[in-house]
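The values are calculated or read from the model by the stated rules, or taken from the named source; none is laboratory data. Quantities reported herein were computed from a predicted structural model and do not represent experimental measurements. Because the Cβ atoms are built from the backbone with ideal geometry, glycine has one as well, and the counts that use them run over all protein chains shown.
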Amino acid sequence: MKQPQTSRRSFLALAALTPFAVAATTACGTSGPGASSANGGASMWYLSGEPNQTTMQKAVDTFNSANSADKISVTYFQNDAYKTKIKTAIGANQAPTIIYGWGGGGLKTYAEANQVEDLTSWFEQNPDLKNKFFPASFGAATINGKIYALPNQYVAPIVLFYNKELFQKAGVQPPKTWEDIMSLVKTFNDMGVAPFSLGGQSRWTSMMWLEYLLDRIGGPEVFKAIFEGKPNAWMDPAVIETGTKIQELVSADGFIKGFSSITADSQADQALLFSGKAAMMLHGSWTYGSMKKAGQNFVQDGKLGFAPFPTVAGGKGDPKNGVGNPAAYMSISSKASDKEKESAKKFFKDGILTETVIDAYINSGSVPIVNGIEDKLNTSEDKAFLNFVYDMAKNAPSFQQSWDQALSPTAAEALLNNIDQLFLKSITPQQFAENMNGTLGK
Amino acid sequence: MSNAVSTAPRATARIKESKQTEQRKAALAWLTLPALFFFLVFAVIPLVGVLILSFTSWDGIGAIGAAGMDNWFSVLADPGLYNALGLTFLIMIVSWLVQTPISLLLGVFTAGSQRYRAALAVLYFLPLLLSSAAVAIAFKALLDPNFGLATGLGLPFLAQDWLGVPQLALGLVIFVIAWQFVPFHTLIYQGGVRQIPKSLYEAAQIDGAGTIKQFFHITLPQLKYTIITSSTLMVVGSLTYFDLIFVLTGGGPGNSTRILALDMYLRGFRANLMGPASVIAVILVVIGLVLALFLQRLGGKDKQGSQLEGL
């Protein structure tokens, strides 16, 4: 008699409580920005940080005031946090309509899981839009012959920056060969200045060294084979030589003391260069804009020098080859409603890379990926740097996309982890090559 | 006769009484339902989910495919797992050795009723108010070898590459964990010490025991269960240290601070290997359960027994 009574009561209690609990759990699930586009329009996630955040916000505001039915709502996230968040959101079907990314291996994962829209036919219907961009910028957006993303923003090669004041003081020239680098390391260490600044904790910063060295030593074909997953591609002698050179540089105190605890997100690596604590820095061209903003008048007074990456004796790579990000990319979530997709496409066509946005990028020291901007670049106060970048983007025989973006996320994480250990000298170049060889095809 | 008469109502009373306790027990049973419900939704179901995921291959985005025992074999054969396990236990043991004496002594000290002790206690408890991420960011900035506190104050011996040298980074992680969690355990010990009856100390004083003897013969034995509780929280908690280390070192330099919880996260959400990450999650759960049970056993079978016999 008692038993059933209890269970009936507990059942009632459960029944009474369930709606609250479900409401509580679903509330967590839907409060994300991914679902904020209920009233037409589209949602977008973008990276925080200046100057790009302001540029994007202005572009969105302009678009929204002209297209009240297709309003874009944008949420900003920090770079490293965003990379994880967007993956999780896509996996949970909570992605925003517009997915910002870097193309390559990450985009491939999304495309193969049918999470992003195939934009090939849409680009065919809009040839003007397609022809507006540098043709090379479509490479990382194309998976198995289909275009899955809109290239946008600017081209960002990796550049060797240097502090002209320190070079003058030491009476030396920027390096042209690997030997120059090693002798400059000695010169600056004797002066009590760190030769190279590096934000090693971010790991992709250290990776930029390997990207250039492997290109200069073995040519672009070596990484191409790795990218295609050819057997034993990582065991190429050029990879071992690259690793050996890196450890030579680390052993000679080439990098600033404590480099493995400096993060790029804090921009401390850039501060070391403009505050005269380090003489050189290998970094993305986007740091030009942030140093211009943060470095008092370091850039404005012409103290920031820049040069292509030096050659390596006996190497196969063309010294004009570049590495870096050919563009940024935006895809459309295939889980979005038709209305949201239409709004996003409209924004792609009319809202991104408008004349105002192009001018804003150029003013912040970047080269937008649109054709016919030579005049604008030449009248800019940063024309020397802009033309240097433009020339690399336009004339480089090979422009290799950043490895961690080109490879699959699984291989990229293993790569970054092994690069970190290579720089710490806790593994040998041979072990590095072997460890990476195990990730081929993953 | 009189006996028979008097037992009858007593028996009915006893029946009534047992009926009442039964009813009370039933009421108590359904009071636990909300808790059980949340335990089911947020603990049991995810746990089963993780166990199932550990036998699948999934990149977190695409379709989930069966993988049999592959993940288990690959993770168990991976030296990275043993590195992470070793680091986890190292941090756990050293953290316990560092934190327990400090928080025990601080707890005893702050349990006193003097005004200055209360004022100092407020200062000691401050780190409790800060989130792990904030603590990590602050320490990272202070310890920066080029722009940190050492450069600011002109103390070159402090300008070590604290987070860039594997051994230093590990030591520093243990230090920051202690800095953050000692206040919490101090609070537990403070409460424990205040529960100890004054009469015990008075009796000891009459017997001529000094402060140190009182500490070892009264305070410490009386705190037995407090020590077990605090140790359980420390040991099981150290399995899940994540946020602090993630922000402070990201597992680096190299793999020198890549503890199990961090290893799980990096495999799952950075390398898109949800299967192997789930294997590590299952391992974490098992280790946590075993440790918690072991520590409960340390309390002895007479856990319900009183420590205050004769009072």
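If we keep just the residues of region A:97-131 that are small (Gly, Ala, Ser) and in contact (Cβ under 8 Å) with a residue 60 or more places away in the chain, which is farthest from the other protein chains (Cβ to nearest Cβ)?
Going through region A:97-131, the residues small (Gly, Ala, Ser) turn out to be A:101, A:103-106, A:111, A:113, A:121.
If we keep only those that are in contact (Cβ under 8 Å) with a residue 60 or more places away in the chain too, we end up with A:101, A:103-106.
Numbers: A:Gly101: 12, A:Gly103: 16, A:Gly104: 14, A:Gly105: 10, A:Gly106: 9 Å.
Ranking the candidates gives A:Gly103 first.
Those residues that are among the hydrophobic types (A, V, I, L, M, F, W, C), within 14 Å of A:Ser261 (Cβ to Cβ) and in contact (Cβ under 8 Å) with a residue 60 or more places away in the chain, I need them from region B:143-177; list them, please.
B:Leu163, B:Val165, B:Ala169, B:Leu170, B:Leu172, B:Val173, B:Val176
Does region A:237-270 hold any residues that are on the phi > 0 side of the Ramachandran plot, among the small types (Gly, Ala, Ser) and under 22 Å from the mean Cα position of the chain (by Cα), and which are they? Break it down stepwise before answering.
Residues of region A:237-270 on the phi > 0 side of the Ramachandran plot: A:253, A:258, A:267.
Within this subset, residues satisfying the condition of being among the small types (Gly, Ala, Ser) are A:258.
Matches in region A:237-270: none.
Can you name every residue in region A:251-277 that is among the small types (Gly, Ala, Ser), crowded, with 18+ Cβ neighbours inside 10 Å and facing chain B (nearest Cβ under 9 Å)? First the steps, then the outcome.
Here is the first cut: in region A:251-277, the ones among the small types (Gly, Ala, Ser) are A:251-252, A:254, A:258, A:260-261, A:264, A:266, A:268, A:271, A:275-276.
Next, from what is left, pick out any that are crowded, with 18+ Cβ neighbours inside 10 Å: A:254, A:258, A:260-261, A:264, A:268, A:271.
Across region A:251-277, the qualifying residues are A:Gly258, A:Ser260, A:Ser261, A:Ala268, A:Ala271.
Can you tell me which of A:Tyr82, A:Tyr100 is among the hydroxyl-bearing types (Ser, Thr, Tyr), surrounded by fewer than 21 Cβ atoms within 10 Å (Cβ to Cβ), touching a Leu at 6+ places or on another chain (Cβ under 9 Å) and in the same structural domain as A:Lys349 (by TED's automatic domain parsing)?
Values: A:Tyr100 fails: surrounded by fewer than 21 Cβ atoms within 10 Å (Cβ to Cβ).
Exactly one of A:Tyr82, A:Tyr100 is among the hydroxyl-bearing types (Ser, Thr, Tyr), surrounded by fewer than 21 Cβ atoms within 10 Å (Cβ to Cβ), touching a Leu at 6+ places or on another chain (Cβ under 9 Å) and in the same structural domain as A:Lys349 (by TED's automatic domain parsing), namely A:Tyr82.
Mind listing just one residue for me: the one in region A:177-230 that is within 30 Å of B:Val165 (Cα to Cα), of a type in the set (Phe, Trp, Tyr) and under 19 Å from the mean Cα position of the chain (by Cα) and, of those, modelled with the lowest pLDDT?
A:Trp204
Test A:Ser333 against the stated conditions and say whether it is of a type in the set (Gly, Ala, Ser), modelled with pLDDT of 90 or more and crowded, with 16+ Cβ neighbours inside 10 Å. Please lay out each step first, then the result.
Values: of a type in the set (Gly, Ala, Ser): yes; modelled with pLDDT of 90 or more: yes; crowded, with 16+ Cβ neighbours inside 10 Å: yes.
In short, yes.
Can you tell me which condition B:Leu106 does not meet? The list is (1) touching a His at 6+ places or on another chain (Cβ under 9 Å); (2) surrounded by fewer than 16 Cβ atoms within 10 Å (Cβ to Cβ), and all the others hold.
(2)
Of the residues that sit in region B:132-142 and are in contact (Cβ under 8 Å) with a residue 40 or more places away in the chain and of a type outside the set (Val, Ile, Thr), which one is nearest to A:Gln201 (Cα to Cα)?
From region B:132-142, those in contact (Cβ under 8 Å) with a residue 40 or more places away in the chain are B:132-133, B:135-137, B:139-140; that's our starting set.
Still in the running and of a type outside the set (Val, Ile, Thr): B:132-133, B:136, B:139-140.
Working: B:Ser132: 19, B:Ala133: 17, B:Ala136: 15, B:Phe139: 15, B:Lys140: 12 Å.
That would be B:Lys140.
Being within 12 Å of another protein chain (Cβ to nearest Cβ), out of contact with any His (no Cβ under 9 Å at 6 or more places or on another chain), of a type in the set (A, V, I, L, M, F, W, C) and on the phi < 0 side of the Ramachandran plot: is that true of B:Trp179 here? Step through it out loud before you land on a result.
Working: within 12 Å of another protein chain (Cβ to nearest Cβ): no; out of contact with any His (no Cβ under 9 Å at 6 or more places or on another chain): yes; of a type in the set (A, V, I, L, M, F, W, C): yes; on the phi < 0 side of the Ramachandran plot: yes.
Criteria not met by B:Trp179.
Find all pairs meeting these conditions: Cβ atoms under 6 angstrom apart; at least six residues apart or on different chains; first residue within region A:237-255 and in contact (Cβ under 8 Å) with a residue 60 or more places away in the chain; second residue assigned to a loop (DSSP other than H, G, I, E, B).
A:Gln247/A:Lys425; A:Phe255/A:Leu198
Tally time: how many residues in region A:68-106 are out of contact with any strand residue (DSSP E or B) (no Cβ under 7 Å at 6 or more places or on another chain), small (Gly, Ala, Ser) and in a helix (DSSP H, G or I)?
Number satisfying all stated conditions: 7.
Quick check, is A:Ser426 within 16 Å of the chain's Cα centre (by Cα) and not aromatic (Phe, Trp, Tyr)? First the steps, then the outcome.
On the way: within 16 Å of the chain's Cα centre (by Cα): no; not aromatic (Phe, Trp, Tyr): yes.
No; evaluated as a whole, the condition is false for this residue.
Counting only residues that are within 17 Å of the chain's Cα centre (by Cα) and surrounded by fewer than 21 Cβ atoms within 10 Å (Cβ to Cβ), give me the helices (runs of 4 or more DSSP H) lying completely in region B:207-266 with at least 3 of them.
B:224-239
State yes or no: is B:Thr88 under 29 Å from the mean Cα position of the chain (by Cα), of a type in the set (Ser, Thr, Tyr) and either farther than 30 Å from B:Ser231 by Cα or within 12 Å of chain A (Cβ to nearest Cβ) (or both)?
Numbers: under 29 Å from the mean Cα position of the chain (by Cα): yes; of a type in the set (Ser, Thr, Tyr): yes; either farther than 30 Å from B:Ser231 by Cα or within 12 Å of chain A (Cβ to nearest Cβ) (or both): no.
The answer is no for B:Thr88.
Can you give me the number of residues within region A:394-411 that are within 13 Å of chain B (Cβ to nearest Cβ) and assigned to a helix (DSSP H, G or I)?
Initially, region A:394-411 is screened for residues within 13 Å of chain B (Cβ to nearest Cβ), giving A:404, A:407-411.
Narrowing the set further to residues that are assigned to a helix (DSSP H, G or I) leaves A:404, A:409-411.
Of the residues in region A:394-411, 4 are within 13 Å of chain B (Cβ to nearest Cβ) and assigned to a helix (DSSP H, G or I).
Residues are listed down the side, and each one gets a yes or a no for (1) in contact with a helix residue (DSSP H, G or I) (Cβ under 9 Å, 6 or more places away or on another chain); (2) within 28 Å of A:Val155 (Cβ to Cβ); (3) in a helix (DSSP H, G or I):
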| residue | (1), (2), (3) |
| --- | --- |
| A:Glu413 | yes, yes, yes |
| A:Leu416 | yes, yes, yes |
| A:Lys425 | yes, no, no |
| A:Asn435 | yes, no, yes |
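Among the residues that make up region B:240-263, is at least one of them more than 14 Å from chain A (Cβ to nearest Cβ) and of a type in the set (Phe, Trp, Tyr)? Spell out the reasoning first.
Residues of region B:240-263 that are more than 14 Å from chain A (Cβ to nearest Cβ), as a first pass: B:240-241, B:244, B:259-261.
With the extra rule that they be of a type in the set (Phe, Trp, Tyr), the set shrinks to B:241.
Yes - at least one qualifying residue is present in region B:240-263.
Hey, can you tell me all the residues within region B:53-78 that are assigned to a helix (DSSP H, G or I), more than 27 Å from the chain's Cα centre (by Cα) and not aromatic (Phe, Trp, Tyr)?
Narrowing region B:53-78 to residues assigned to a helix (DSSP H, G or I): B:53, B:70-76.
From what is left, the residues that are more than 27 Å from the chain's Cα centre (by Cα) are B:70-74.
Passing the criteria: B:Asp70, B:Asn71, B:Ser74.
Could you list, in sequence order, the residues of region A:45-67 that are surrounded by 15 or more Cβ atoms within 10 Å (Cβ to Cβ), within 16 Å of the chain's Cα centre (by Cα) and part of a loop (DSSP other than H, G, I, E, B)?
Narrowing region A:45-67 to residues surrounded by 15 or more Cβ atoms within 10 Å (Cβ to Cβ): A:45-47, A:49, A:51-52, A:55-56, A:59-60, A:62-64, A:67.
With the extra rule that they be within 16 Å of the chain's Cα centre (by Cα), the set shrinks to A:45-47, A:49, A:51-52.
Residues satisfying the conditions are A:Gly49, A:Pro51.
Go through region B:31-86 and give me each residue that's more than 30 Å from A:Gln431 (Cα to Cα) and among the β-branched types (Val, Ile, Thr).
B:Thr32, B:Val41, B:Val44, B:Ile45, B:Val48, B:Val50, B:Ile52, B:Ile61, B:Ile64
Considering only region B:268-292, state which residues are in contact (Cβ under 8 Å) with a residue 12 or more places away in the chain and either in contact with a Gly (Cβ under 6 Å, 6 or more places away or on another chain) or facing chain A (nearest Cβ under 8 Å) (or both).
First, the residues of region B:268-292 that are in contact (Cβ under 8 Å) with a residue 12 or more places away in the chain: B:268-269, B:272-285, B:287-288, B:291-292.
B:Phe269, B:Asn272, B:Leu273, B:Met274, B:Ala277 - these are the residues of region B:268-292 that are in contact (Cβ under 8 Å) with a residue 12 or more places away in the chain and either in contact with a Gly (Cβ under 6 Å, 6 or more places away or on another chain) or facing chain A (nearest Cβ under 8 Å) (or both).
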